[in-house]
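The values are calculated or read from the model by the stated rules, or taken from the named source; none is laboratory data. For clarity, every value in this text was computed on a predicted model and none was experimentally measured. Cβ atoms come from the backbone with ideal geometry, glycine included; neighbour counts cover every protein chain shown. These accessible areas exclude ligands, DNA and RNA; they are computed on the full protein's heavy atoms, side chains included. Shrake-Rupley method; radii C 1.70, N 1.55, O 1.52, S 1.80 Å.
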Amino acid sequence: MRVDFDPEALGGDAFYRFMTSVVVPRPIAWISTITPDAAVANLAPHSFFSIASTDPPIVQFTSIGRKDSLRNVEDTGEFVVNFSSEPMLRLIRDTATDFPRTVSEFGFAGIEREPSRHVRPPRVAAAPVVLECRSHTTLRMGNSTLVFGRIFLAAVHEEYLVDGRPDAGRLRPLTKLGGDEWGTLGDILHLSRIPYEEPR
């Protein structure tokens, strides 16, 4: 027998917790941004993250409420997606704290940064992959804002490449589950698609 969960009856916060326990695992975009005066570099994980378009290459993350990442993107038009890898779990957790905009998570958590090539926000030096993005579109939806960013450069540490492509086993992606749960890669399954053939 199924148990029903009515969004209207539960209310926003309770149904949010339900949704994040069901839509799993979710990749984590570790977003670095910078204030307009370039005084503070912010870094925060966002687990509502996906590819929005392949041509042009556009990624999307969602800000629930008006977080520093969103404000900085609106003010500067730029951000970097830093790949979230399992060995960096505690650092990523540390940057999820709701600090004031004047506090840099890089400094608080002792995270080494490196300059980006095409945008002002710095990159996480240890991140296996980084995507330098410029804002394409923002879309307000309820209590959230969807941020779409066009990728102008992707950079990968060479030890994570196999046959010219990033290798999932080497990347060891970290994912978000429900509540305080985090997920790791687990087994990798290989299964090719079956091509469609017109009947004769």
Open item on the list: Given a 1.4 angstrom probe, I'd like the percentage of the accessible area of the chain that is carbon and sulfur, rounded to a whole number.
Closed with: 53 percent
- [ ] Provide the per-residue ³J(HN,Hα) series for the stretch 87-97, in order, calculated from phi with Karplus coefficients 6.51, -1.76, 1.60 and θ = phi - 60°, each as a whole number of Hz, with x at glycine and proline positions.
- [x] x, 9, 3, 5, 5, 5, 4, 5, 8, 7, 5
Task: Order of exposure, largest accessible area first, which applies to ARG134, ARG193, ARG123, ARG200 with probe 1.4 Å - done: ARG200, ARG193, ARG134, ARG123
Open item on the list: I need the calculated FRET efficiency for the pair ASP163 and SER50, taking r as the beta carbon distance and R₀ as 35 Å, to the nearest 0.05.
Closed with: 0.90
TODO: Report the longest stretch of the chain that contains none of the GluC sites (Glu not before Pro) sitting in a DSSP loop with at most 12 other Cβ atoms within 10 Å.
DONE: 1-111
Open item on the list: What figure, in Å² to the nearest 10, do you get for the accessible area of ARG172 with a 1.4 Å probe and non-protein molecules left out?
Closed with: 100 Å²
- [ ] Report the accessible area of ASP68, computed with a 1.4 Å probe over the heavy atoms of all protein chains in place, in Å² rounded to the nearest 10.
- [x] 30 Å²
Task: Whole-number D in µm² s⁻¹ for the stretch 57-200, Kirkwood Cα-pair radius fed into Stokes-Einstein, 20 °C, 1.002 mPa s - done: 124 µm²/s
Open item on the list: For a quick check: with amide H placed at 1.01 Å from N, whose amide H comes under 5 Å from ARG113's, ignoring anything fewer than 5 positions away on the same chain?
Closed with: ALA125
Task: Accessible area in the full protein assembly, largest first, 1.4 Å probe, for HIS46, HIS136, HIS157 - done: HIS136, HIS157, HIS46
TODO: Compute the separation of the alpha-carbon centres of the stretch 1-56 and the stretch 102-143 and state it in Å as a whole number.
DONE: 16 Å
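Can you put TYR196, TYR16, TYR160 in order of accessible area, largest first, using a 1.4 Å probe?
Values: TYR196 170, TYR16 100, TYR160 45 Å².
Most to least solvent-accessible, the answer reads TYR196, TYR16, TYR160.
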